[in-house]
Amino acid sequence: METGTKISAIAHASLISWALFGGTFRSEPLPFAVQDVSVISSEQFDAMRARRGAPEVPTPPADLQQPEAPVEEVNTPEPTPDEQPAPEPVVPVEPEPEPEPETVEVPPEPEVVEEPPVLEQPDTEVAALPVPPGPDVQPSPADKVAPDPVEPPPPEAKPDDVETPQVSLDEGAEIQQEQQDQTAPEEAAPEIVTEAEEANDPAPKTSPRPRVRPNRPAPQPEPEVTEAPEPEPTEPAPSNQDAINDALTEALGSGTEPTGPPLTSGEKDAMRVAVSRCWNVGSLSTDALNVVVVVGFSLTPDGKVVGGSLRQLDSTGGSSGAAKQAYEAARRAILRCGAKGYDLPADKYAQWQDIEITFNPERMRIK
Amino acid sequence: MMKLLTSLFVGLTLMASAPVHAQSGPLRLELDEGIIEPLPFAVPSFVPDGPAASQYAQDISRVVAADLTGTGLFREISSDAFISRVSSFDAPVQFADWKAINAEALVTGAVNVSGNRLTVRFRVWDVFSGQELGNGLQFAGTTDGWRRMAHKVADQVYSRITGEGGYFDSRVAFVSESGPKNQRRKRLAIMDYDGANVQYLTDSASIVLAPRFSPTGDRLLYTSYETGQPRIYVLDVGRVRQQELNTQEGTMSFSPRFSPDGQSIVYSLTQGGNTDLWKMNLASGQSVRLTNTPAIETAPSYSPDGSQIVFESDRSGTPQLYMMPAGGGEATRISFGQGRYGTPVWSPRGDLIAFTKQNKGRFHIGVMRTDGSEERLLTASFLDEGPTWSPNGRVIMFTRETQGASGRSSLYSVDISGRNLRPVRTPDGGSDPSWGPLQN
């Protein structure tokens, strides 16, 4: 055998060996932290500096900003206490003489076919990671607590996640713009501010916990090696062309799903932020706030949640009842913010077709 | 053979090159930050089964909505925004219409009236998943009890969404105050948790203080100056029959509280100028001393399991909070912050202790862990005092008094997160609230 043939044979053998076994020894990617950076203009930077220099004016205590009485009396012929002489104790009338209300299960509702969602949701916004509140951030009481504080909107602005200026019709203008209402995001405070904190010192009493180190990516399960079943003797042996076609199909997939490169950290963060904007833990019990729940779901190519694909994969840290509430809050977040479809790169559909999100409320607990 | 080798080579080469970008599993993300805001919900007016039920249907749905909104955890969507109407309890819900107005939860119901018998059916829906939360339920009672049934519906809705028990079908005992500060008339009163249905249990002939519900809500302990000296009385709430407890003659007894089993009480007794804690068995009337120090010990409160008592003592020089075994013994100080601490009350969940704190001329209601850690002040004013826990341990009610000769006492409530501070409407002024258990 000639030297050239030998070299060629060795090179081909090496290539085939690498193709067969190279992947086996592929190491896990090392964990790395990614910090997103927002690009701002010099004018914005100057404006920020100017704000830092200006003295903070504490919010006036205001009279509690509380709504009116919790319950409106409705047609209750209740005696006015002042009008009563009440020299003697009045026998209280039990509101319900019956010892215990009967509880009867109502038969379950028939299945309802859900119509496609038509909710007008704001577009998914690509945002940087939440910036921890600095010393110049003035905590203010607001109904909403969100990672990113939001200034009170202008009084005439309608609440909307997307800020848009007001455009009114200008009769003299040559080019008429479409009229639109002014909208602004709802006011949000970076943390819960109690009356005690608000009254004494505007400085935050507690600092947010440092971000926990991200967990290492879960190791991929080793592919199970199973012996191929013996071919049925009656089936005809596949031809060479079939073997090539099979190999091509297996290597290239079905051919209908664009794979593309992996999602960038920015694209992943955008998805994370999109869901977190609807992950409302305000109505969860303290027990449910101890539950870390993992939710899996599938998306259609246009970023909408596949009906029936939402499922709870795992939960830790609480009772089954608390886990159920935590899962339902997570489910609401995924469905609500994905009603219009998540804004994900279509050319990487295979990368985000199936998603698993771990909802960890540790930083949102009442402390 | 050559063809086979060729196909094998082509296949392997493609296998080696193609999977560089292939997805090896689902995209995995972790969220550790969300938002905290009231959950938007809709309560369309319940469907009446007949003309007689029409007003009840409307009133019950309004009370349910008010209960939920009052927690601060929910925000009602006005009926003006509704796209679809619920005209039949069993009709399929048009989820798209409720999604369009951003309602995350929907409560539908129906009311039937037959004679003086009232029946309420309801369902709770998770709008965005199109699923029912729990099963439909039905409550039956009399028309007089329509408010209680509304509270029961609201308790169920609250429980199904938050995962913790409700507190709407409960009552609060308090001292109703009227008249100027120097001539104040005080009467023992009881009301629904939201200030409705106020009823008076005593007249204003003598000063009454600090009512305390029994664990089952059928009895009240309170302190009265009927004899000139503060003495402890127990009152049967159903029959409005009071009885003085037989503490020692010539002494002052006050600040009583029931044990979790309702069989005994713990209270303060002043004898010879010294105030200590005592425990009385209600069946036998026998009292035993729990503390014996020259300091003032008062405001005892049991842990929910009855094994510990937290109380206030000035043995270290200023009033602070201490904890000791329920049978007496060595006490451990648990409050170490600046200022004076008092009126500790153990949460029904057992995890927190609410207290009054005075510091730098202001009063606060706060909570801390049972070991004294993680102290958080929830309120601040000229005078806040006397916290009491809701049955589910989520809300604290307390007394707030305004400054000056015309200062007025009134009741307030606040969520344990410090949010949703709001007044509780009472016909007159109010103080010393005691939140009773959920009613059966």
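Every read-out reported here was derived from the displayed coordinates using simple, explicitly stated rules and does not represent laboratory data. Fair warning: this is a prediction, and the values are worked out from it, not measured in the lab. Here Cβ is always computed from backbone atoms with ideal geometry, including for glycine, and neighbour counts include all displayed protein chains.
What percent of all Cα-Cα pairs in segment B:281-321 falls in each 5 Å bin, counting up from 0?
Calculated over all Cα pairs of segment B:281-321, the distribution is 6, 19, 21, 24, 18, 8, 3, 1 percent.
Using the Cα centre of segment B:296-370 as the reference point, and only Cβ charges (+1 on K/R, -1 on D/E), how large is the resulting charge dipole? Debye, rounded to the nearest 20.
I would put it at about 400 debye.
With r as the distance between the Cβ atoms of residue A:309 and residue B:402 and R0 = 60 Å, compute the FRET efficiency 1/(1 + (r/R0)^6) and round to 0.05. Before the final figure, lay out each step's value.
On the way: r = 57 Å, r/R0 = 0.95.
Computed FRET efficiency for residue B:402 and residue A:309: 0.60.
Using a 10 Å cut-off around each Cβ of peptide B:66-73, what is the average number of partner chain Cβ atoms that fall inside?
Working: counts 5, 2, 1, 3, 4, 2, 5, 5.
Taking the mean over all residues of the peptide, I get 3.
Could you please state, rounded to a whole Å, how far the C-alpha centre of segment B:352-424 is from the C-alpha centre of segment B:55-96?
Centre-to-centre (Cα) distance: 32 Å.
Under a 10 Å cutoff between Cα atoms, tell me which one of B:204, B:413, B:390 has the largest fluctuation in the Gaussian network model of chain B.
So, out of B:204, B:413, B:390, the one fluctuating most is B:204.
Using per-residue counts of other Cβ atoms within 10 Å, averaged over each peptide, order B:279-291, B:155-167 from highest down.
Numbers: B:279-291: 15.2, B:155-167: 23.0.
Packing order, densest peptide first, comes out as B:155-167, B:279-291.
Report the FRET efficiency, 1/(1 + (r/R0)^6), for residue A:302 and residue B:114, where r is their Cβ-Cβ distance and R0 is 51 Å, rounded to 0.05.
0.45
Under a Cβ-only charge scheme (Lys and Arg +1, Asp and Glu -1), can you give me the dipole magnitude of segment B:148-295 about the Cα centre, in debye to the nearest 20?
Values: 17 positive and 14 negative charges, 39 e Å.
Result for segment B:148-295 is approximately 180 debye, rounded to the nearest 20.
At residue B:181 and residue B:271, where each label point lies 7 Å from the Cα along Cα→Cβ, what is the point-to-point distance in nanometres?
Result for the modelled spin labels: 3.7 nm.
Output the peptides A:14-20, B:91-97, B:136-142, B:33-39 sorted from most to least packed, where packing is the average of other Cβ atoms within 10 Å over each peptide's residues.
Working: A:14-20: 13.1, B:91-97: 16.9, B:136-142: 20.0, B:33-39: 21.7.
Those peptides, ordered most packed to least, come out B:33-39, B:136-142, B:91-97, A:14-20.
When the dipole is taken about the Cα centre of chain B, and only Lys, Arg (+1) and Asp, Glu (-1) are charged at their Cβ, what size is it in debye, to the nearest 20? Each step should come with its number before you reach the end.
Values: 42 positive and 44 negative charges, 79 e Å.
With Lys and Arg at +1 and Asp and Glu at -1, about 380 debye.
Can you list residues whose amide H is under 5 Å from residue B:39's amide H, if they're 5+ apart or on another chain and H is modeled 1.01 Å from N?
B:74, B:75
Compute the distance in nm between two label points, each set 7 Å from the Cα along the Cα-to-Cβ direction, one at residue B:83 and one at residue B:227.
Placing both labels 7 Å beyond Cα along the Cβ direction yields 7.0 nm.
Which whole number gives the average, over all residues in B:415-426, of C-beta atoms from other chains lying within 10 Å of the residue C-beta?
5
Using a 10 Å cut-off on Cβ to Cβ distances, tally the other chain neighbours for every residue of A:325-334 and report the average as a whole number.
Other-chain Cβ atoms within 10 Å of each residue's Cβ, averaged: 4.
Per the Kirkwood treatment, what hydrodynamic radius in Å, one decimal, follows for segment B:242-354 from the mean inverse distance over all distinct Cα pairs?
Taking every pair of different Cα atoms in segment B:242-354, averaging 1/r and inverting gives 14.2 Å.
For chain B, what does -39500 (n - 2.57) per DSSP helix run (n ≥ 4), summed and divided by total residues, give at 222 nm, in deg cm²/dmol to the nearest 500?
-4000 deg cm²/dmol
A 20 angstrom limit on the alpha carbon distance is what I want to check against. Which of A:268/A:304; A:304/A:348; A:304/B:99; A:340/B:99 exceed it?
Over 20 Å Cα-Cα: none of the listed pairs.
Let's test the formula: R0 of 51 Å, r as the Cβ-Cβ distance of residue B:144 and residue A:151. What FRET efficiency results, to the nearest 0.05?
Efficiency computed from Cβ-Cβ geometry: 0.55.
Label residue B:349 and residue B:330 with points 7 Å out from Cα along Cα→Cβ: what is the distance between them in nm?
3.1
Under 20 Å from the 7 Å Cα→Cβ point of residue B:263, by amide nitrogen: which residues of segment B:300-340?
B:301-310, B:325-329
Rank by packing, highest mean first: peptides A:311-317, B:378-384, A:332-338, with packing defined as the count of other Cβ atoms within 10 Å averaged across residues.
With the highest mean Cβ count within 10 Å placed first, the list reads A:332-338, B:378-384, A:311-317.
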